[in-house]
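In what follows, a single structure is set out as structure tokens and then discussed.
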Amino acid sequence: MNGHHEQSGSGFAERGQEPFADIPTEPDAFLEWASRQPREAGRFELSNGRVIRTVINTTRAHARICSNILMELVKYLDVDRYDIATSDFAVRTGGSIRGPDIVVDLARLDGSELSTSEPIFIAEVLSPSTAALDLTTKQREYTSLASLQTYLVCSQDEPRAWVWTRQADGSWPVEAAMVEGREPTIPLGGLDIALSMAAIFRGIPDAPAA
């Protein structure tokens, strides 16, 4: 998730609203407030009514994987039909406002929107401080959205990914499918394309030999 660190003692837990008591926690008001903040203030998310602040601290590997995914999506998707956004565009999940690394939804005429609640595909790239959040809390939030078809979480250290794919009956598997190496491809439901692991992890070293 954006390669940044939660502001908490544990490194995994989300910090509560305090000391951000003056920030609105109603989702629409929060989005308007966040859109006016200078970039150097960090990035803010709303987590079930609590405001958390994240610090931009992206590794080269994290940035490279995000760029690889973005380039593959632009290559294969009809950009007149789909909007492909990065972490500066929010996803709204009930009472939360998140900023995933990559999000795809249907293109809309209203270019002033600050978020989508109808993503088709979401991807996050793990960092040490966000691993637990991306694989648990955010997974539950994202897969609660009726529109979402695929949630992809990528390691930033080696060609390894975790994929949740909506099943034919509309349900989600309890556990993610782990994908390793450069040979496999990952079908993206609802988009009729597949991303190759080789493309996603271009420029990322293989896992160390056991």
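Values in this text are rule-based calculations from the coordinates and carry no lab data. It should be emphasised that the depicted structure is a prediction, and the values quoted were computed from it without experimental measurement. Don't worry about glycine lacking a Cβ; one is built from the backbone with ideal geometry, like all the others, and counts go over all protein chains shown.
Per-structure values
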read-out	value
Region 23-125: Rg to Rh, with Rh as the Kirkwood radius over Cα pairs	0.97
Pair residue 117, residue 175: separation of 7 Å Cα→Cβ label points (nm)	3.4 nm
Using a Förster distance of 25 Å, the FRET efficiency for residue 144-residue 183 (Cβ separation, nearest 0.05)	0.20
Pairwise label distance in nanometres, residue 137 with residue 207, each label 7 Å out on the Cα-Cβ vector	2.8 nm
Least to most buried among 175, 118, 45 (fewest other Cβ within 10 Å first)	175, 118, 45
Gained length - residue 29 relative to residue 110, 0.36 nm times residue gap less alpha-carbon distance	27.3 nm
Nitroxide proxy distance, nm - points 7 Å out along Cα→Cβ at residue 70 and residue 36	2.8 nm
